[in-house]
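Quick notes on the structure that follows.
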Amino acid sequence: NYVDLVPILKQVVNVQQINAGKHTFDIITSSENLVVFGDEDKLIQLFNNLIHNAVKYSPDGGNVQIKVLAEHDKVYIAIKDEGIGIPEEAINKLFTKFYRVDNSDMRKIGGTGLGLSIVKEIVKSHQGEIKVDSEWKKGSTFTISLPLMTTHSVEQLDQEKEEGKRSIIIIEDD
Ligand code: ATP
Ligand code: MG
């Protein structure tokens, strides 16, 4: 299905804002109309896990910035927090199931270590990529890139479906 990213990001932020209380959130976007092809529930789960981490691993009153940027045929979604950061040597283990950074800042914060392994699966199943930038004690940025459906590619796909050119039939769930 076609998934419009900005509305789902707004929806995830609204829910997290209610739960987070003191954090502030900004969504910065170059366009309100950025469409990807994928599973809406999974993409909501992906953003939810990342934004929840941004809240959980940063102090009350911290800002969470979500920047959405379209470039060529990709859309980049960067989720940036002002939190505890991730030690350099932990970065490549983050996406492993049950892995949690072990240090005194972390021990007070609960979790199972599954959120990011699910994120990785969802990104992979959408032909996307994920990148982590982090500075210990300063904050972290998780950047997802996903193939963008341009107005042109959406129209083209619709037209090809209509003309019966596509052998792949896309089943809409509703
Ligand atoms: P779960 O998401 O399953 O409730 P979790 O948050 O511990 O538990 P992940 O979301 O997979 O698990 O994250 C793995 C580890 O990566 C975390 O335990 C934490 O050490 C580190 N981490 C993830 N996101 C951040 C972040 N934004 N800032 C600092 N550390 C982070
Ligand atoms: Mg988590």
Legend entry - Verdict on HIS152 being touching a Gly at 6+ places or on another chain (Cβ under 7 Å) and either at pLDDT 95 or above or under 21 Å from HIS72 (Cβ atoms) (or both): no
Inset, instruction - Filter region 11-23 down to residues that are loosely packed, with under 15 Cβ neighbours inside 10 Å and either on the phi < 0 side of the Ramachandran plot or at pLDDT 95 or above (or both), then give me how many there are. - result: 6
Inset, instruction - Kindly provide the set of residues from region 48-80 that are under 16 Å from LEU116 (Cα atoms) and within 13 Å of the chain's Cα centre (by Cα), ordered by number. - result: ASN48, ASN49, LEU50, ILE51, HIS52, ASN53, ALA54, ILE77, ALA78, ILE79, LYS80
Legend entry - Search result, residues across region 17-41 that are among the hydroxyl-bearing types (Ser, Thr, Tyr) and in a strand (DSSP E or B): THR24, THR29
Legend entry - Residue check, ASP26 within 18 Å of LYS80 (Cβ to Cβ), more than 16 Å from ligand 2 (Cβ to nearest atom) and surrounded by fewer than 17 Cβ atoms within 10 Å (Cβ to Cβ): yes
Inset, instruction - Give the residues of region 1-16 that are in contact (Cβ under 8 Å) with a residue 60 or more places away in the chain and either in a strand (DSSP E or B) or of a type in the set (Asp, Glu) (or both), sorted by residue number. - result: TYR2
Inset, instruction - Go through region 39-69 and count every residue that is at positive phi and modelled with pLDDT of 95 or more. - result: 0
Inset, instruction - Please enumerate the residues belonging to region 71-98 that are under 18 Å from LEU46 (Cβ atoms), surrounded by 13 or more Cβ atoms within 10 Å (Cβ to Cβ) and of a type outside the set (Val, Ile, Thr). - result: LYS74, TYR76, ALA78, LYS80, ASP81, LEU94, PHE95
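The values are calculated or read from the model by the stated rules, or taken from the named source; none is laboratory data. Remember, it's a predicted structure, so these values are computed and weren't measured experimentally. Ideal geometry is used to build each Cβ from the backbone, glycine not excepted, and the neighbour counts take in all protein chains shown.
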